[in-house]
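To start, the structure under review is shown below, and the notes come after it.
The values are calculated or read from the model by the stated rules, or taken from the named source; none is laboratory data. Just so you know, these numbers come straight off a predicted model, no measurement behind them. Heads up, the Cβs are rebuilt from the backbone with ideal geometry, glycines too, and the neighbour counts pull from every protein chain shown. Remember, those area values only see protein heavy atoms, side chains included, never the ligands or the DNA or RNA. Shrake-Rupley method; radii C 1.70, N 1.55, O 1.52, S 1.80 Å.
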Amino acid sequence: VQLQASGGGVVQSGGSLRLSCQASGIIFSLSVMGWYRQTPGNEREFVARDRSGSDLFYADSVKGRFTISRDNAKNTVYLQMMSLKPEDTAVYYCYTPQGGKTFWGQGTQVTVSS
């Protein structure tokens, strides 16, 4: 299983970014895909999860601002982030649970300047 995340960067408060995570080694269309984020000294925090393309779940802190979606033809999950705030600054990790184990992407840095 490999997860390759991309799309992070530096954006001003109120701006937008779209993260991508391409997966390989899994049956993507049947897989749960999602995103966590982590800031220095803190545990990873759940952001969003897509169970099947129609069963979506978000952390309260991002609800209404972030949208998770997937393209099964490209084996890719996306996280569209809008109205970004400085507190959204973190390293974002995509993940997928497979056979009782969780696999993580390498992380992509998102920095929101005030």
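Odds and ends about this structure:
- Taking all protein chains together, Asp50, Asp60, Asp71 sort by accessible area into Asp60, Asp71, Asp50, largest first [probe 1.4 Å].
- Computed from backbone phi, the HN-Hα couplings of the range 43-50 come to 6, 5, 10, 5, 10, 7, 8, 10 Hz, rounded to whole numbers (Karplus: 6.51 cos²θ - 1.76 cosθ + 1.60, θ = phi - 60°; Gly and Pro given as x).
- In the range 57-100, trypsin sites (Lys or Arg not before Pro) in a DSSP loop with at most 13 other beta-carbon atoms within 10 Å: Lys63, Lys74
- Tensor-based shape of the range 67-112 (alpha-carbon gyration tensor, a/c under 1.5 rounded, otherwise prolate or oblate): oblate
- Heavy-atom accessible surface of the range 43-86: percent carbon and sulfur, 1.4 Å: 47
- Per residue, the chain exposes 52 Å² of accessible surface when a 1.4 Å probe is rolled over the protein heavy atoms with every protein chain present.
- Distant-in-sequence amide contacts of Val47, defined by a placed amide H-H separation under 5 Å and a gap of 5 or more residues or a different chain, comprise Trp35, Tyr36, Arg37.
- Computed from backbone phi, the HN-Hα couplings of the range 4-11 come to 10, 9, 7, x, x, x, 10, 9 Hz, rounded to whole numbers (Karplus: 6.51 cos²θ - 1.76 cosθ + 1.60, θ = phi - 60°; Gly and Pro given as x).
- Cα gyration tensor shape of the range 23-88, rounded if a/c is under 1.5, else prolate or oblate by comparing a/b with b/c: prolate
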